[in-house]
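Below is one structure, written out as structure tokens, with a few remarks after it.
The values are calculated or read from the model by the stated rules, or taken from the named source; none is laboratory data. Predicted, not measured: the structure shown is a model, and the values here were computed from it. As a convention, Cβ positions derive from the backbone with ideal geometry for all residues, glycine included, and neighbour counts pool all protein chains shown. All accessible areas refer to the heavy atoms of the entire protein, side chains included, with ligands and DNA or RNA removed. Shrake-Rupley method; radii C 1.70, N 1.55, O 1.52, S 1.80 Å.
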Amino acid sequence: MHFVTGAFIACVCLVSAILFSEVFPKWFKWILALIGAFTSGYALAILIRKISELTSLYSEPKLWSTTGICSVIMLIVIIVVVTILHRRTAKA
């Protein structure tokens, strides 16, 4: 259930950033990106932990260190996607 909640919050951040992109100032979009990256990273960490519990193939990873790694990966993905989209709109 925590995975679904984290994924829902990340989707709400993404949808609100898309819908209100012209209304929000730039700093608020950055805050939404950070919140979305952290909650989606947390959701991924919970998913990884649940999979490791169910399969019993791996030892159970620590939740906060896995959350930090997943959050950083999600933030890098967000930055790369925004950079690519920004370059495409600049060319057009």
- Assess whether residue 56 counts as being of a type in the set (Ser, Thr, Tyr) and open to solvent by less than 70 Å² (accessible area, probe 1.4 Å). no
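Let's see how each residue does on (1) assigned to a helix (DSSP H, G or I); (2) at pLDDT 80 or above; (3) farther than 23 Å from residue 19 by Cα:
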{"residue": "41", "(1), (2), (3)": "yes, yes, no"}
{"residue": "51", "(1), (2), (3)": "yes, yes, yes"}
{"residue": "64", "(1), (2), (3)": "yes, no, yes"}
{"residue": "74", "(1), (2), (3)": "yes, yes, no"}
- Message: For residue 78, only one of the following conditions fails: (1) in contact (Cβ under 8 Å) with a residue 40 or more places away in the chain; (2) open to solvent by less than 40 Å² (accessible area, probe 1.4 Å). What is its number?
- Response: (2)
- In region 20-40, which residue that is under 17 Å from residue 86 (Cβ atoms) and in contact with a helix residue (DSSP H, G or I) (Cβ under 8 Å, 6 or more places away or on another chain) is surrounded by the fewest Cβ atoms within 10 Å (Cβ to Cβ)? 21
- Query: Which numbered condition trips up residue 17, out of (1) in contact with a Leu (Cβ under 9 Å, 6 or more places away or on another chain); (2) modelled with pLDDT of 80 or more?
  - Reply: (2)
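This table checks each residue for (1) loosely packed, with under 15 Cβ neighbours inside 10 Å; (2) touching a residue at least 24 places away in the same chain (Cβ under 8 Å).
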{"site": "14", "(1), (2)": "no, no"}
{"site": "18", "(1), (2)": "yes, no"}
{"site": "42", "(1), (2)": "no, yes"}
{"site": "48", "(1), (2)": "no, no"}
{"site": "62", "(1), (2)": "yes, no"}
{"site": "88", "(1), (2)": "yes, no"}
{"site": "91", "(1), (2)": "yes, no"}
